[in-house]
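Only one structure is covered here, and it is reproduced in the block below.
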Amino acid sequence: MSFDRSLARCSFCGKRPPEVGRMIAGPGAAYICDNCLQLCNEIIEDPTPFSPKALELASRPPVVIAAPQGLNQELTGEVIAQEPLRNITIELEQKQHGMTVMLHQLQLYQKHFELDYLWIRPPFRAGFAFVPRIIFLVRDNIGNHWAGDRGGMLLARPELASDPSLAVYQGNARFSPPPSPDAHMITIRAADPLGMFEDPPLHTWNFEVTL
Ligand SMILES: [Zn+2]
């Protein structure tokens, strides 16, 4: 398929040629701008496997490549359908074992729901081969339960940390299907994925949210 290079956008940050110094074209519709290339070099030079910069880059939302003319209408329709049907502000926080979980908001979509949270904890030490994510178990008051879907994101937010010994991670967990209209309350249990290796295993954070 041919691709109009005037529609080029950096695949890492989404910026277009006027907004960047240099743009390097890769195969197909892949591009990288000079700023993102610089960031990649900094990540390579940092010996920490999941440095804040690497986490930030890995957790960016995917860049949507401009579609050929004619498909725009369809794409626009899709974007509108992805807006949440309802936002529920939660703002609950609980501290346990020197770590705080803050639930920020619940977003209800047509086919799933998402939970935005902050996880304030000692920074992950070098040597993690993966980014651990909080394990959620959600139940509603009429007997349905959900484990989180795969995916979601975890973003390092060093600028939010007020205590230098703690790191702030911003996470997003997805669950499907959405709660039924009959449900008026959900309980959210959150577990530290590494806490299961403690002896005894760490307790979970427990939250109740009115829908
Ligand atoms: Zn870029």
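The values are calculated or read from the model by the stated rules, or taken from the named source; none is laboratory data. Remember, it's a predicted structure, so these values are computed and weren't measured experimentally. Here Cβ is always computed from backbone atoms with ideal geometry, including for glycine, and neighbour counts include all displayed protein chains.
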Failed condition for G28, given (1) more than 20 Å from the chain's Cα centre (by Cα); (2) on the phi < 0 side of the Ramachandran plot | (2)
Take the residues of segment 19-40 that are within 13 Å of the ligand (Cβ to nearest atom), of a type outside the set (A, V, I, L, M, F, W, C) and out of contact with any Leu (no Cβ under 9 Å at 6 or more places or on another chain): which is modelled with the lowest pLDDT?
-> G26
Across segment 160-211, what is the total count of residues that are modelled with pLDDT under 80, in contact with a strand residue (DSSP E or B) (Cβ under 8 Å, 6 or more places away or on another chain) and within 19 Å of S51 (Cβ to Cβ)?
-> 2
